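The values are calculated or read from the model by the stated rules, or taken from the named source; none is laboratory data. These numbers were taken from a predicted model, which means no experiment stands behind them. Ideal geometry is used to build each Cβ from the backbone, glycine not excepted, and the neighbour counts take in all protein chains shown.
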């Protein structure tokens, strides 16, 4: 786990040069049972991105198959403990039984609003569009992690995904030019 964690930290520090990068534990609870040493890298605002960024560390090691694993990134307008809680929850779920593994296009219910008064109450597992393909893959000797984005969405947006597909939903997000870090953004539906 140390090799993957070190590679991920180096990847993030290089990508977010000029930003502060902290390594934090997940929210207290059972995540340590599934992902011993689980961490969350919290990246403050800076020249590359105006908001806060949270990246899981430990998921890839636990779920590694053929040298490939997943980590997750969440972007937000403000630094809030709820983002640490969300990252911990998603990591715990993902590291459970194989039928719970998350991947591109999946939706994860949060169980509460993303932040207070937000209509977004679930995450779409998406490509990390705000950061581009150079951010998406972090490699180390013998393995790599793909970093997928936890994009907060509404119930109506999830319904569109189910009925029309991921491409249709993402096209609508582009058309409406959503501010994906605004917790009070209107649904595109």
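Descriptive notes on the structure:
- Residues located in the range 96-110, provided they are part of a loop (DSSP other than H, G, I, E, B) and touching a residue at least 12 places away in the same chain (Cβ under 8 Å): 96, 101, 102, 103, 104, 105, 106, 110
- Qualifying residue in the range 78-95 (condition: out of contact with any strand residue (DSSP E or B) (no Cβ under 6 Å at 6 or more places or on another chain), over 22 Å from residue 177 (Cα atoms) and part of a loop (DSSP other than H, G, I, E, B)): yes
- When residues in the range 22-33 are screened for being assigned to a helix (DSSP H, G or I) and either at pLDDT below 95 or surrounded by fewer than 17 Cβ atoms within 10 Å (Cβ to Cβ) (or both), 2 of them pass.
- Test: residue in the range 13-33 that is within 12 Å of residue 145 (Cα to Cα), in contact with a strand residue (DSSP E or B) (Cβ under 6 Å, 6 or more places away or on another chain) and in contact (Cβ under 8 Å) with a residue 24 or more places away in the chain: no
- Those residues of the range 175-184 which are surrounded by fewer than 17 Cβ atoms within 10 Å (Cβ to Cβ) and either more than 19 Å from the chain's Cα centre (by Cα) or touching a residue at least 60 places away in the same chain (Cβ under 8 Å) (or both), in sequence order: 175, 176, 177, 182, 184
- Scope the range 50-77; condition touching a residue at least 24 places away in the same chain (Cβ under 8 Å), out of contact with any strand residue (DSSP E or B) (no Cβ under 7 Å at 6 or more places or on another chain) and closer than 18 Å to residue 147 by Cβ; matching residues: 62
- Of all the numbered requirements in (1) within 23 Å of residue 105 (Cα to Cα); (2) buried (at least 18 other Cβ atoms within 10 Å of the Cβ), residue 4 misses one, and that requirement is (1).
- Check on residue 49, closer than 15 Å to residue 12 by Cα, out of contact with any helix residue (DSSP H, G or I) (no Cβ under 9 Å at 6 or more places or on another chain) and not in a helix (DSSP H, G or I): yes
- Between 19, 11, the distinction of being part of a helix (DSSP H, G or I), at pLDDT 95 or above and closer than 20 Å to residue 131 by Cβ belongs to 11 only.
- Residues that are part of a strand (DSSP E or B), in contact with a strand residue (DSSP E or B) (Cβ under 9 Å, 6 or more places away or on another chain), surrounded by 17 or more Cβ atoms within 10 Å (Cβ to Cβ) and touching a residue at least 40 places away in the same chain (Cβ under 8 Å) within the range 121-143 comprise 123, 124, 125, 126, 138, 143, listed in sequence order.
- Residue 152 vs. criteria at pLDDT 95 or above and in contact with a strand residue (DSSP E or B) (Cβ under 7 Å, 6 or more places away or on another chain): yes
- Qualifying residue in the range 166-180 (condition: in contact with a helix residue (DSSP H, G or I) (Cβ under 6 Å, 6 or more places away or on another chain) and over 26 Å from residue 79 (Cβ atoms)): yes
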